Each structure stands twice: as C-alpha cells, then as structure tokens.
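Just below is one structure, and these are the notes that go with it.
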C-alpha cells in the first residue's frame, strides 16, 4: 500500500495518508489563494479513514467557502505551515497541501478548478482539464 507522509516546517506536526489519493488538483478560488499566499492550492484528497495525525495537534481556522459551506484549514500554530483541509460539503475527505508532503514530487495534478478566479500571472498547464467550479 502506498503511504504519504508529511508535516509542518518546524516538525511539531506529522501526518500520514495511506492508499491512493482520490483527488489531485489545483484549486484557484480566492479562499485558497489567500490561504496559501499563492496563485492556487495544490491538493491531494484522501478518505478520512486513510489519514492520521501522528504527532502534534494542528490549530484550525474555519471560514465560509464560496459555495456557502464551512471549510476547515489545519495549520501548525508554532511555524504557521498549512497542512490539510476538511470541508462540510465532503466530510469524508482530508485534502493535503502538496507542499507539506515529505516528497512533494508525488503530487501529480489531474485538473485545475475554480479557474474563473485564476490569476492572470499564473501560467496554468494547458494539458490539464479546467473547470469554473468543483466538478460533480
């Protein structure tokens, strides 16, 4: 079984995800831009039962997403590193920030979402499918 490990910059929080990701994609919504301080959020989604925090306890920030549901972002309260998200529209998934992986090269995005909010200075991969919202 494939295993993905990661954590924050200071090492206070460590996590593990097992199995194949159910989703890999770049989210260009304004909420993700603000949360990452960048053009998009590169995320890898796993079933919640395949994810565990192995060390430390993340701090949570909750905000209403563009579609009206709550989105919960976990980060390290010591170093500020963003780690993963959960949201009320898909409660059975945890979505990891690809940059928090020990091996971020494992991230292979399959699509770009919320491209209506994409920044013009961000050159998106023309080979990835694009959608203005979260696909069904």
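Modelled label positions at residue 1 and residue 111, each set 7 Å beyond Cα in the direction of Cβ, lie 2.6 nm from each other.
Can you sort 95, 115 by how many other beta carbons sit within 10 Å, fewest first?
115, 95
On the beta carbon distance between residue 125 and residue 90, with R0 = 22 Å, the FRET formula returns roughly 0.35. Hydrodynamic radius of segment 3-103 by the Kirkwood approach over all distinct alpha-carbon pairs: 13.5 Å.
Computed packing ranks the peptides 65-76, 98-109 as 65-76, 98-109, most packed first, by mean other Cβ atoms within 10 Å. Cα centroids of segment 12-72 and segment 89-119: 7 Å apart.
Since every read-out is calculated from the coordinates, none of them should be taken as a lab result. Source: prediction; values computed, not measured. Don't worry about glycine lacking a Cβ; one is built from the backbone with ideal geometry, like all the others, and counts go over all protein chains shown.
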